[in-house]
Amino acid sequence: MSDTPVDTSKRTWLIASGCAGAAGGVAVAVPFVSSFQPSEKARAAGAAVEVDISALQPGEKLTVEWRGKPVWILKRTPQQLESLAQTESQLADPKSDRKTYPTPEYAKNQHRSIKPEVFVGVGICTHLGCSPGDKFQTGPQPSLPDDWHGGFLCACHGSTFDVAGRVFKNKPAPDNLEVPPHMYLSDTLLLIGEDKKA
């Protein structure tokens, strides 16, 4: 042991400055570490979207945003549903077997949906990302075949899709329109972005 007397004021200052330094380090570290968490806006952008489709009439389309993408909800008429069988031989991927934009199992059917009358699809062309326009009127029209049964036309490069979002053969779009994960919370309440079956 040393014969030197202990300077208690020096010890107090060392302890106080050490505590202040530790508190300052924590004060700097907390915001830095917190910055790695996604923002509220980013969390909301990836969140599922609830959509009430009770007012949607046959032949009408509703567009909502999910993850920054337009999602179409089309309530098809009986005539539009009938047209799906008539165009199968003209489609590039009628059964949605291609894997570029995997189709959920519950949408691997002719109408590509859970409920036959309601189509839910991402409104972005699989070619270069343009948004196709509605061409629900049947018959000959500019940029469409004479036996047109209704669907979507991408004006950017001429890709055509039926009312189930299936692309026709020999078009620039390599795949059908994407079907997002979705499920029904009730008969008229749709949840886009979540799927208990997936």
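The values are calculated or read from the model by the stated rules, or taken from the named source; none is laboratory data. Just so you know, these numbers come straight off a predicted model, no measurement behind them. Virtual Cβ from ideal backbone geometry, glycine too; neighbours counted across all protein chains shown. Side chains included, ligands, DNA and RNA excluded: accessible areas come from the protein's heavy atoms. Shrake-Rupley method; radii C 1.70, N 1.55, O 1.52, S 1.80 Å.
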> So who's got an amide H within less than 5 Å of the one on Trp66, skipping anything under 5 residues away but keeping other chains? H placed 1.01 Å off N, in plane.
Replying inline: Val71
> If one takes the longest principal axis of the Cα atoms in the chain, at what angle in degrees, from 0 to 90 and to the nearest 10, does the Cα axis of helix 8-34 lie?
Replying inline: 0
>> Per-residue counts of other Cβ atoms within 10 Å, averaged by peptide: what ranking do you get for 63-73, 12-22, highest first?
In response: 63-73, 12-22
> Tell me, what is the per residue accessible area of the chain in Å², probe radius 1.4 Å?
Replying inline: 58
> Thinking of the range 70-158 as a set of Cα atoms, what percent of all their pairs are more than 15 Å apart?
Replying inline: 64
> Under 5 Å between amide H atoms, partner at least 5 residues away or on a different chain: which partners does Cys125 have, H built in plane at 1.01 Å?
Replying inline: Cys130, Ser131
> Using θ = phi - 60° and the Karplus form 6.51 cos²θ - 1.76 cosθ + 1.60, what ³J(HN,Hα) does each residue of the range 98-115 get, whole Hz, x for Gly and Pro?
Replying inline: 5, 9, 4, 10, x, 8, x, 3, 5, 10, 8, 9, 4, 8, 6, 7, 6, 9
>> To make sure I understand the rule: partners must be lysines, Cα under 19 Å from the Cα of Lys196, and not fewer than 8 residues away in the same chain. Which ones qualify?
In response: Lys108, Lys115
> Could you state the principal axis extents of the C-alpha atoms in the range 46-119, from the largest down, to the nearest angstrom?
Replying inline: 35, 30, 17
> Relative to the compact globular guide of 2.2 N^0.38 Å, what is the alpha carbon radius of gyration of the chain, as a ratio?
Replying inline: 1.73
>> For the pair Asn170/Ile15, report the inter-label distance in nm, with labels modelled 7 Å from Cα in the Cβ direction.
In response: 8.9
